[in-house]
Each structure stands twice: as structure tokens, then as C-alpha cells.
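*Asks:* Shown below is the structure under consideration.
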Amino acid sequence: MHVPERNYGTGMNFKPRKLAMRITMIYLVIGSLWIIFSDRILLNMVADTYMLATLETIKGWFYVLISGFMIYGLVRRDEMIYEDAVEEIFKNYQELEATYEELAATEEELEQQYDTLEKSEETLREIEERYRLAVDGANDCIWDWDIKNGSIYLFSRTKRLLGYEEEELEDRFDVWKSLLHPDDVDRVMGEIDRHLKGLTLYYETEYRLRAKDGTYKWILSRGKAILDENGIPVRMAGSHLDITDRKESEDKIFELTYFDSLTGLPNRIMFDEILKEAIKLAKLRNQKLAILYLDLDEFKNVNDSMGHDVGDELLREVGSTLNNLLTNVGTAAHLGGDEFGIILNQLDNLEDISNKIEQILKAFHKPWIIRGAEFYITVSVGATIYPNDGEDIFTLLKNAVLAVYSAKVNGKDCYQFFSPGMRENINKKMDMALRLRHAVENNQFCLYYQPQINLVNGQLIGLEALIRWIDPDQGIISPKDFIPFAEETGLIVPIGEWVLREACRQNVEWLDKGYRPISISVNISARQFQQRDLVEMIESITKETGIDRRYLVLEITESTALRDLDYAIDVIKELKDMGIRVALDDFGTGYSSLNYLKLLPVNFVKIDQTFMRDIISNNTDREIAKTIICLSHKLKLRVTAEGIETEDQLLFLKNHHCDHGQGYFFSKPLPPAEIEDIISKGIFSMPY
Ligand code: C2E
Ligand code: MG
Ligand code: MG
């Protein structure tokens, strides 16, 4: 059997059997050597027997003493080793005992932990079960995103919500992300990022997820990041709630509150909000902002004559027209009735703003065809500029309304930028407009007639109808004093219609009375000429009055014709096709290009009366008059000279073959009763 070497704390190896053998052997050798040699030495050294015997005894004692010491030393050493060993063993035993106790305690602890674990597991199982039941019973869908590996645990409920089967969608973050509405991606990713960076306590956002059928579901997503021991987010978990219904009703409420149901444009509340924001931004960027107030002209007529359905449809079309015109430069809103508001936030120099407004006005210069009916409508625009005309919504809008009024007073179908003197101006014009309107309603007008004479033989060939306003307070008001204003206010349209009707009626009446046929000239103002239904209006009045169209001459000024040459050519052609003749009035005062004369299909040219004044004294005027006559004749046009007051003038004109003449020399414009004498005479005596 192997006996292990023992070290009893001495540091050396202790082998008991070998040691005992060695000590015994040494003792035997030394003892034997002692017995052999000590006796011999003693025998040699001592001859005396007694001495020898004594020394033998001392030697014996010595031997016994030495042996005794040696035995004592050996036993003592062993004893000490034994004591050390026992002590060591005792110590080890104590340690062992402590370790055992510890072990026992650990075991007990482990047992306890195991018990607890078992209980926890059971609780966990119960909780999981309850959780599952709760999740299944609740509306929320739970998600759990493992940030490191990108897997996302979507409860099948979310997938079902989107119309997918469980296995149709991979449980991955990027798959979920691919379902996000493109408009929501940046915002949602930003929210997640902010939360993961610890900037928000909870993650909560709303977004749209694409369902299998391509529609989008609104989701309210809430969650929270789970951090590792270093504070780095490792997971994020939370819930999805389907809020599509809520969103739809919210949208509906939002739309009802902020959008006009008729046009789909932002309403007044929204317009104010947008304007508020736009002002804030403009202030921040030190930019300008234009606010336009649009009001349809005579919209009431559309409603009254064509019905509210057509009116509504027109407003809808106007809304979409404005919307299209403002892409990228501004926002249009329907402020109610026939009023629209526009914010131009991309344009900040006056020229660009004016161009845009002109573009808007032009967009109305077309026939609107609604439910088969074709009609025209114009718009008046008032404009204010932030910050020049006001720094807050209230002032800006108030001034824009003032500007639109001013545009209305100035004849509609035009625009006005706000100016501080506008209010006073408007008041004056409004007063005049009111009086003039009153005059129209109460028929305070009458026509005077001025004869037109054939300069060759002095025969009366026609009469020019010239309007007079008979104001109860101010008496007869000259057309020079109110026609320009009637033009501005648009009142020229009803006035012009009345003049035409009255002149035609009068012409027919004179014929009926037995006077010989005579042509009647009616002045058509620029504004009137631009009316898209001018030809129809003339056609209907001529039909209504029964005038022979050969006896109707319409006078348009040169500047009116040149405003839109192509349009003028078309209208004049149409009129001529109807049998009506056209005269170019006040020729020589405007652009007077003889080139245009060639293009315009008119019958007469009327040399403006300003030439008559100096025709005798001023060489240039004389030459111009001669050239006009000559050229007109080449173009086969008849020439009428206006404002002939003297015989010299008449003679000059006659000598230069001017066809017709008109002026105080023959007669001032006269009321119908007085002009009848001239008609019945039918001829003027000429100087020669
Ligand atoms: P007009 O068409 O050039 O008419 C001729 C104007 O010259 C008339 O002024 C007439 O009275 C004036 N006149 C005629 N002979 C003489 C003359 O020998 N010497 C001077 N100094 N003047 C003469 P009236 O009637 O005051 O009309 C002024 C303008 O008002 C007209 O110029 C025409 O442009 C406009 N007007 C007149 N009646 C109407 C109308 O019914 N409708 C429109 N749209 N305009 C009208
Ligand atoms: Mg005239
Ligand atoms: Mg004239």
C-alpha cells in the first residue's frame, strides 16, 4: 500500500520507516564500534584491573547517558512532529468543518433559490398566460423590437389588422418600415431616434401602415426602450392601436372646421391661420408678403339669372382655377360668398405680384361653360403688402378689402394696390357711383343728336347720338364729365345699352313718322367694346327695336381698337357681317398708325376735332389732315371731319375732298324735338 509522504508543517518530507531504520542502524554501528574499540583502547591504556573496571563502569554509564540523550532527542523530536501534525490536523479539521458548514448553508440557500425559482417560473407562466389573454382581449397589438438583430415581434394581431396572414410578413424591422406611408417615414424614424437617444421619456407617434389591399391604416404606436447595463438601448417594446376610425372622424371635423365644403379650399378660419404663419415666417426672413382679396363682379346676376346651382358650380370652378394658378407661389382660400383670399408668399417684388394678379384677371377672360350655359364673369382684386400696408392680419385684410372696393369703383375687372388715400377717394367715387347708378335706375339720361353732312352737296346723311345726363340738382352734365367715370365703375355697360336702344328706337320712330331714312351713329366706349357679349347685345337690341341695320353706325375710338387689335378686327368683322357700319372715332389723337388703319375693317375714319382748331394756321396739322384723307380714300374709307366751326375749315376740307363733316358750323348737338326740323329739311346750304 502506498503511504503518502506527509509534511507536518515542517517544510520537509517525513518518511517514518526509513528514518527508524536509519537511526537503528546508526545506533547499532556506533554501539558496536563503541563496544569493540572502547574496550580495546581501554585495555591498551589501562593496566590496572580495578581502574579498568571503574572506567568500564564509567564507559557503561557514558554509553547509557549518550543513548538516553539520543533516545530522548529522538522521542522528543517525534513528539514535536506529532504535536505539530495533530495541531495541523485539528486546524484542517476546523477549516473542513467551516467549509462543510458553508457548504451546508449554500446547499440550503440553493434549495431555497430553487424553490423560489420554481415559484417564479410558475408565477411567470401564470403572468404570461394572463398577459396573452389580456393582449388577445385588448385592442392594442404588441410589438417588441430587438434593436441589435433587427427582428421585430409583431403580434399576429397587427398583421391581421393589415390583412396579412402570420407567415406573409417577416418579423423584421425593415419589413415594418417598408409598410410605412412615405410621408410618415422621416417623422417616425426621427421620433424613434429621439427616444433611443434618451430625448423623450416615451415613444409615442401616429403613422400610417400600408395594408395588404393597398389602403392605409392609421396606427397609434407607443413604446419604450429597454437599456442594457451600460445604458445602451437594446430593445424597444410597445403597442399598436388602430386609430383609423378616429383619424377619419378627426379629418372630417378638421375639414369641416377649416375647409370650405363647396370649393374644397381653406375657409376663412384656415386662411387666418395660414396668414398668421406666413406673416411670422416673412418677419423671420425679412420678406414681403402679398395678400389679395378677390371679389367676383356681378356674381349676384349669375345666381339670380342662372340659379344657385350654377352659381355654386361657378364658385367651385373659380376655386380650382385659382388653385391651379397658385401652384408653388401661394394659397387660395374661399372666404365666403363670391370672395376669395390669396396669400402670395413666394413673390415679393411688386412687378411679380402685378404679373400674377394680371394672370388671375386674364384667367377670367374666357367664357365659363357651366351646365351647358356659357357666360362671362370678371373679378376685382385688392392687394395689400406685408409689412408696408399693415403688420397684422386684421389691418392687412381690412386694407385689402378697401383696395378691392377701390378696384370695384374703378370699373371692376381690375386690381388695386392699397394706398392710404384710398378711403377718401373711394368715398368720393362711391358717391358719384351712387348718383350715377341712381341716374341709370331713374333714367336721367337723354340723347342729343348732331347732324353729319355730306360736304360735297350739303345733304344730311346722319346723326350722331350724344348722351346728356340731366341731373335734378346740377342740370345737364356733359358726357366728358361722367363717361370716364361710368367706364371706371362699369356703369357704362347699362348706360351704353340704353343709348343704343334709345338711338335705334328713335331712328325707327323717325322713319315711322315719315322722315326719310337717315343713319344714326352711336358711340361705343372702350369698356363696352371689351364686353364679350357685345355683338349679341347689339344683335338683340337691333332686333328688338326693328332698326334697319344699314342705318346704324357704331363709333369706336382708335385707342379702343388698338387695345386688342385682333379682337377688335374680329368684332368689327362680325358687326359688318350683320350689316352694321363702323367708324374709327377721334382718329389722330392716339397712336394714329396708318398701318392699323389698313388692318381694321372700318367704314369711316373721323378726324379728331383737335385738328380742326389749327387746320388753317398750323401747317403740320393741315398736312396730317390731308394725309389722313388721302390715305383713307386709298383704303376706300370715307372720312368725316369733326368739330367744323368755321367756313375756312369747311372750305379747306372740301378742297381736300373730305367726304363728311360735323360741327357747330352746321349745328350743335340738339335734343330730338329740335333736330327733327333739320331732318325734315335734309340739307344744309354750303358756301359754294
Ligand atoms: P365724340 O364722339 O367725338 O363726339 C363729338 C363731341 O364733339 C361731342 O361732344 C360734340 O358735342 C362735340 N362737338 C361737335 N361739334 C363740335 C364743334 O364744332 N366744336 C366743339 N368744340 N365740339 C364739337 P360731347 O357731346 O360733349 O361728347 C363728348 C364725347 O363723349 C364724345 O366725343 C364721345 O366720345 C363721348 N360720348 C358722348 N355720348 C356718348 C355715348 O352715348 N356713349 C359713349 N360711349 N360716349 C359718348
Ligand atoms: Mg363720336
Ligand atoms: Mg369724336
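*Asks:* Once amide H atoms are placed 1.01 Å from N in the peptide plane, what residues at a sequence separation of 5 or more from residue 459, or on another chain, have their amide H within under 5 Å of its amide H?
*Replies:* Hits under the 5 Å cutoff: 454, 684.
*Asks:* For the chain, what does -39500 (n - 2.57) per DSSP helix run (n ≥ 4), summed and divided by total residues, give at 222 nm, in deg cm²/dmol to the nearest 500?
*Replies:* Numbers: 23 runs with 370 residues, N = 688.
Calculated at 222 nm, the ellipticity per residue is -18000 deg cm²/dmol.
*Asks:* So what are the ³J(HN,Hα) numbers for the range 49-57, from phi and the Karplus equation (6.51, -1.76, 1.60; θ = phi - 60°), rounded to whole Hz, Gly and Pro as x?
*Replies:* Per-residue couplings from phi come out as 5, 5, 4, 4, 5, 5, 4, 4, 5 Hz.
*Asks:* Among 476, 619, 425, whose Cα projects farthest towards the positive end of the dipole of the chain, with charges put on the beta-carbon of Lys, Arg (+1) and Asp, Glu (-1)?
*Replies:* In the chain, that residue is 619.
*Asks:* Working from Cα positions, state the angle (0 to 90°, nearest 10) between the long axis of helix 350-363 and the longest principal axis of the chain.
*Replies:* Result, in degrees: 70.
*Asks:* Give the Cα extents of the chain along the principal axes, in whole Å, largest first.
*Replies:* The principal-axis extents, from largest down, are 222, 62, 46 Å.
*Asks:* OK, next. In whole angstrom, and with the biggest value first, how far do the Cα coordinates of the range 140-250 range along each principal axis?
*Replies:* Between the extreme Cα coordinates on each principal axis of the range 140-250 lie 43, 33, 23 Å.
*Asks:* Over the range 529-688, calculate the relative contact order: mean separation of alpha carbon pairs under 8 Å at least 6 apart, over the residue count, as a percent. Can you show the working numbers first?
*Replies:* Values: 190 pairs, mean separation 24.4, N = 160.
Contact order relative to length: 15 percent.
*Asks:* Using θ = phi - 60° and the Karplus form 6.51 cos²θ - 1.76 cosθ + 1.60, what ³J(HN,Hα) does each residue of the range 225-236 get, whole Hz, x for Gly and Pro?
*Replies:* In residue order, the calculated couplings are 7, 10, 9, 7, 4, 8, x, 9, x, 10, 9, 9 Hz.
*Asks:* Next question. I'd like the orientation of helix 492-512 relative to the chain: the angle between its Cα long axis and the longest Cα principal axis, in ° from 0 to 90, rounded to 10.
*Replies:* 30
*Asks:* List the trypsin sites (Lys or Arg not before Pro) within the range 358-419 that fall in a DSSP loop (any state other than H, G, I, E or B) and whose Cβ has at most 11 other Cβ atoms within 10 Å. Let's see the in-between values first.
*Replies:* Working: sites: 362, 371, 398, 408, 412; in loops: 371, 412.
Passing both the DSSP loop test and the Cβ count: 371.
*Asks:* For the range 303-308, what does the Karplus curve 6.51 cos²θ - 1.76 cosθ + 1.60, with θ = phi - 60°, yield as ³J(HN,Hα) per residue in whole Hz, taken in order and with x for Gly and Pro?
*Replies:* Rounded to whole hertz, the list is 4, 5, 8, 10, x, 5.
*Asks:* Now for a different question. Can you tell me the alpha carbon radius of gyration of the range 376-486 divided by the globular rule-of-thumb value 2.2 N^0.38 Å?
*Replies:* Numbers: Rg = 20.4 Å, N = 111, 2.2 N^0.38 = 13.2 Å.
The reported ratio for this selection is 1.55.
*Asks:* While we're on this one: Using the Kirkwood radius built from alpha carbon pairs, what does the Stokes-Einstein equation give as D for the range 432-681 at 25 °C and 0.890 mPa s, in µm² per second?
*Replies:* Values: Rh = 18.6 Å.
The Stokes-Einstein estimate is 132 µm²/s.
*Asks:* How many angstrom lie between the Cα centre of the range 169-222 and the Cα centre of the range 322-379?
*Replies:* Taking the Cα centre of the range 322-379 as reference, the centre of the range 169-222 is 40 Å away.
*Asks:* Using DSSP to define loop residues, name the chymotrypsin sites (Phe, Trp or Tyr not before Pro) in the range 456-559 whose beta-carbon has at most 14 other beta-carbon atoms within 10 Å.
*Replies:* On the way: sites: 469, 482, 485, 498, 510, 515, 529, 551; in loops: 515.
Those that pass, being in a loop and sparsely packed, are 515.
*Asks:* Tally Lys/Arg at +1 and Asp/Glu at -1 over every other residue whose Cβ is under 15 Å from the Cβ of residue 76; what's the total?
*Replies:* Values: positive: 77; negative: 78, 79, 83, 84.
Counting the neighbours of residue 76, the net charge comes to -3.
*Asks:* Follow-up question, since we're still on this one. Can you list the residues, at least 5 places off or on another chain, whose amide H is less than 5 Å from the amide H of residue 445, using H built in the peptide plane?
*Replies:* Amide H to amide H, under 5 Å and 5 or more residues apart or across chains, residue 445 pairs with 470.
*Asks:* A further question on this structure: Determine, for 446, 141, the number of other Cβ atoms within 10 Å of each Cβ, and report the residues in order from fewest to most.
*Replies:* Details: 446 14, 141 22.
Result, fewest neighbours first: 446, 141.
*Asks:* Continuing with this model, one more query. May I ask you to derive the relative contact order of the chain, considering only C-alpha pairs under 8 Å and at least 6 residues apart, and to give it as an integer percent? Walk me through the numbers on the way to the answer.
*Replies:* Values: 951 pairs, mean separation 45.8, N = 688.
Value for the chain: 7 percent.
*Asks:* Report the extension gain between residue 559 and residue 456 in nm, rounded to one decimal, defined as 0.36 nm multiplied by the number of residues separating them, less their alpha carbon distance. Don't skip to the end; give the middle numbers.
*Replies:* On the way: separation 103, 0.36 × 103 = 37.08 nm, distance 2.95 nm.
In short, 34.1 nm is gained.
*Asks:* Count the net charge of all other residues whose Cβ sits under 12 Å from the Cβ of residue 666, scoring Lys and Arg as +1 and Asp and Glu as -1.
*Replies:* Details: positive: 668, 681; negative: 464, 642, 645, 647.
Once positives and negatives cancel, what remains is -2.
*Asks:* Could you tell me the distance between the Cα centroids of the range 502-572 and the range 441-457, to the nearest Å?
*Replies:* 14
*Asks:* For the range 140-250, what's the relative contact order in percent, using C-alpha pairs closer than 8 Å and at least 6 residues apart?
*Replies:* Details: 193 pairs, mean separation 31.3, N = 111.
Once divided by the residue count of the range 140-250, the mean separation gives 28 percent.
*Asks:* Provide 659, 352 in ascending order of the number of other Cβ atoms located within 10 Å of each residue's Cβ, fewest first. Walk me through the numbers before you get to the answer.
*Replies:* Numbers: 659 21, 352 14.
Ordered from fewest to most neighbouring Cβ atoms within 10 Å, 659, 352 come out as 352, 659.
*Asks:* While we're on this one: Between the range 258-286 and the range 622-687, what is the C-alpha centre distance in whole Å?
*Replies:* The two parts, judged by their Cα centres, are 63 Å apart.
*Asks:* So what's the angle, to the nearest 10 degrees on a 0 to 90 scale, between helix 672-681 and the longest Cα principal axis of the chain?
*Replies:* 50
*Asks:* At residue 95 and residue 45, where each label point lies 7 Å from the Cα along Cα→Cβ, what is the point-to-point distance in nanometres?
*Replies:* For residue 95 paired with residue 45, the spin-label model returns 5.5 nm.
*Asks:* Amide H neighbours of residue 582 under 5 Å, counting only residues 5+ apart in sequence or on other chains, H built in-plane at 1.01 Å?
*Replies:* 554, 603, 604
*Asks:* Based on the mean of other Cβ atoms within 10 Å per residue, sort peptides 234-245, 454-465 so the most packed one is first. Don't skip to the end; give the middle numbers.
*Replies:* Working: 234-245: 17.2, 454-465: 19.6.
So the order, starting with the most tightly packed, is 454-465, 234-245.
*Asks:* In 10 Å bins starting at zero, report the fraction of Cα pairs in the range 298-441 per bin as a rounded %.
*Replies:* Histogram of Cα-Cα distances, whole percents per bin: 11, 38, 35, 16, 1.
*Asks:* How would 500, 55, 124 line up from fewest to most surrounding beta-carbon atoms within 10 angstrom? Before the final figure, lay out each step's value.
*Replies:* Values: 500 24, 55 18, 124 12.
So the residues, fewest neighbours to most, are 124, 55, 500.
Throughout, read-outs are computed from the coordinates displayed, never taken from laboratory work. Since the structure is predicted, the reported quantities are computational estimates derived from the model, not experimental observations. So basically every Cβ, Gly included, is an ideal-geometry build from the backbone, and we count neighbours across all protein chains shown.
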